[in-house]
Amino acid sequence: MEASMADGLENVIAAETILSHVDGEAGRLILRGRDLETLAGKVSFEDAVGVLWDGIVPVPADLRDALGKGRIRAFARFAPMLPALAGLGAVETMRALLAAMPDGASEPVLLLGAAGVAAAMAIRAEKHREIAPPDLTAGHAADLLRMIRHRPGDATEIKAFETYLVTVMDHGLNASTFAARVVASTAAGLSSAVVAGLCALKGPLHGGAPGPVLDMLDAIGTAANAERWIGAALDRGERLMGFGHRVYRVRDPRADVLKAAVSGLRHRSERIRLAEAVEAAALRALQARKAHRRLDTNVEYYTALLLEALDIPRHGFTPVFGAARAAGWIAHAHEQESGGRLIRPQSRYIGPMPTEAA
Ligand code: COA
């Protein structure tokens, strides 16, 4: 009997996990038995990683220190590679740097530190800007923010950035996590799984959406222009970046966490007012035109505003997403390696069959 097919693997359960759960009907994200809201904005990135990895990935007693050492080792490894990568985009550079991490010898904490450093170096390198080395004594969020911008953040900025990193750290079996698990299921190794995750994250339908969200806000310009601009974009058959999700049928809970975080940053009120007006107009238009599919605001919408408020350049949005999600890819790869089978689905052949020889 032929197996049934699910386009885009929608509603297919392809793994069992204790790491995170996306409740698309209730708009809830659960990480290791806790609601996202009890972690994001409440604990450091290191503590959140400790919660996510507990019992799955070996966690050193002093994770902050080990992560700092990982950043320093990765920086030394990556710095000589940069000249050969000139001309690549930021995600491509980050991909090339991470691909230089050996599979067997890269322990998880080193890889997580490397993902952060690779993101920061790739963001600086795209604009040919100088990059300062990591600071062993700093927290991961504070150090990445400083490296990316070449100036340190104040306490409010660091907290907002840390809230972002924790918020996007893991999210069920999203496309990049699935890619990482597929690679891990072949026993290829941890670095390969992380690189696979980053490759899947690169696309605008997954991790590449927040840059285009800002392009949309810039093009709309004023609240009064929102309805007309959005109507015209949908008439052209375009998708509105920052809206819609494969699993959430209600508002993405991460959008609210990030909106609260960006509201705490200075001088953002005008941009937020425009974003709220555009969001309201977009939701009205999507409801009217796509009544058959419940489309709501997703994580990328307020990610864009938050990262912009932190002066992180648009070409850096996907790399910083990857630096955070690497924590999830590593955890899922370990979980897959320790209990899962080779992931190997089937395709349905719809091409021609050979004709009988005349
Ligand atoms: N703007 C306009 N229409 C959208 C839309 C959007 N952002 N997202 C989905 N739709 C529409 C599709 O056009 C389609 O309409 P149709 O049935 O009339 O053809 C319908 O909703 C279903 O789309 P589908 O592509 O099957 O949904 P999906 O579950 O495969 O896609 C996303 C999920 C996230 C890829 C999709 O919502 C999207 O492209 N969003 C914009 C990019 C984005 O914000 N990505 C970040 C995700 S966190």
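Against the globular-protein guess of 2.2 N^0.38 Å, express the Cα radius of gyration of the range 128-265 as a ratio, rounded to two decimals.
1.27
Please report the spacing between the Cα centers of the range 1-43 and the range 111-179 in Å, no decimals.
Each part's Cα centre sits 25 Å from the other's.
Jot down the radius of gyration and Dmax of the range 10-117, Cα atoms only, both in angstrom.
Rg and Dmax of the range 10-117, Cα atoms, are 17.0, 48 Å.
Counting only Cα atoms, I'd like the Rg/Rh figure for the range 221-328, Kirkwood definition for Rh.
Result: Rg/Rh = 0.97.
For the chain, what does -39500 (n - 2.57) per DSSP helix run (n ≥ 4), summed and divided by total residues, give at 222 nm, in deg cm²/dmol to the nearest 500?
-16500 deg cm²/dmol
Under 5 Å between amide hydrogens, which residues at least 5 positions from residue 243 or on another chain qualify, with H placed 1.01 Å from N in the peptide plane?
Amide H neighbours of residue 243, under 5 Å, 5+ apart: 298.
Using 1/(1 + (r/R0)^6) with R0 = 35 angstrom and r between the beta carbons of residue 12 and residue 92, what's the FRET efficiency to the nearest 0.05?
The value I calculate is 0.70.
Tell me, what ³J(HN,Hα) does each residue in the range 73-90 have, in order and in whole Hz, if you take phi through Karplus 6.51 cos²θ - 1.76 cosθ + 1.60 with θ = phi - 60° and put x for Gly and Pro?
Couplings: 5, 5, 4, 4, 6, 7, 3, x, 7, 4, x, 6, 9, 4, x, 7, x, 4 Hz.
Could you order the peptides 136-147, 217-228 from most to least packed, using the average number of other C-beta atoms within 10 Å per residue?
Ranking the peptides 136-147, 217-228 by packing returns 136-147, 217-228.
With the cut-off at 27 Å, tell me which of the pairs 127/259; 42/69; 127/202; 42/127; 42/259 have Cα atoms farther apart than that.
Cα-Cα > 27 Å for 127/259; 42/127; rest within.
For the chain, report the convex hull volume of the alpha-carbon atoms normalised per residue, in Å³, without decimals.
181 Å³
Taking the Cα atoms of the range 70-118 alone, what are Rg (to one decimal) and Dmax (as a whole number) in Å?
Using the Cα atoms of the range 70-118, the pair Rg, Dmax is 10.3, 30 Å.
Highest mean first, how do 117-126, 159-168, 229-238 rank when packing is the count of other Cβ atoms within 10 Å averaged over residues?
Most protected by this proxy first, the peptides run 117-126, 159-168, 229-238.
Coordinate-derived values only; no laboratory data. For clarity, every value in this text was computed on a predicted model and none was experimentally measured. All Cβ positions, even for glycine, are placed from backbone atoms using ideal geometry, and neighbour counts span all protein chains on display.
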